[in-house]
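Structure record follows, encoded as structure tokens.
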Amino acid sequence: MFVTLPGGDGDRARGSGDDPSADAQAITDAVERLANLWSVAAQEAAVRLSLHQLRALRALERAPESNLTGLAESLDIGLPTASRLCDRLEAAGLLERELHPHRRREVQLRLTVQGRRVLADVARRRTQALAGVLAAMPPAERSALVRGMRAFLGAKGEGPSRPPKTP
């Protein structure tokens, strides 16, 4: 079986369906291109963020009112690094620190309205960029990709492996 990877250069990667190593290489190539598409879309946003800054904002979006320790753990970075990262995000108006209402020693981290806008802008740009690539795929291949991604997430334990909705 041959899998044509999006990218416009006609490259083909061999995938066997039975050989996870060959399939892994084909997927690696596609993920590298997707990561590039993702990065370019994020850099076109109104506010340019580093990968670490964007990851921090996303982590705070998923876990509102986290503290510095929680953020550092979710990003797998040290407390001093997380603190400097928060300093930069706070200076940019994307994050605010507030004393916890019930624990005097704890400081909560919250996204500002501007921080939420930036995340929404990046998400919109990424979705548009990905939709452009998906639009170039035949509907059957696009559906197969969605099913495959859902199965991947299910196998990794990050989400249910459910069939896609049919129109």
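The values are calculated or read from the model by the stated rules, or taken from the named source; none is laboratory data. What you see is a predicted model; the values in this text were computed from it and never measured. Note: ideal-geometry Cβ built from the backbone for every residue, glycine included; neighbour counts use all protein chains shown. For accessibility, only protein heavy atoms count, side chains too; no ligands or nucleic acids. Shrake-Rupley method; radii C 1.70, N 1.55, O 1.52, S 1.80 Å.
Worth pointing out:
- Single residue of 129, 140 found to be on the phi < 0 side of the Ramachandran plot and in contact with a helix residue (DSSP H, G or I) (Cβ under 6 Å, 6 or more places away or on another chain): 129
- Test set (1) closer than 18 Å to residue 118 by Cβ; (2) surrounded by 14 or more Cβ atoms within 10 Å (Cβ to Cβ) - residue 74 fails condition number: (1)
- Condition check for residue 93: touching a residue at least 24 places away in the same chain (Cβ under 8 Å) and either of a type outside the set (Asp, Glu) or crowded, with 18+ Cβ neighbours inside 10 Å (or both): no
- Segments classed as strands (runs of 3 or more DSSP E), wholly inside the stretch 12-116, with at least 3 members that are more than 20 Å from residue 126 (Cα to Cα) and either modelled with pLDDT under 85 or under 20 Å from the mean Cα position of the chain (by Cα) (or both): 12-14
- Qualifying residue in the stretch 55-63 (condition: farther than 25 Å from residue 102 by Cα and either open to solvent by less than 40 Å² (accessible area, probe 1.4 Å) or free of Cβ contacts under 8 Å to residues at least 60 places away in the same chain (or both)): yes
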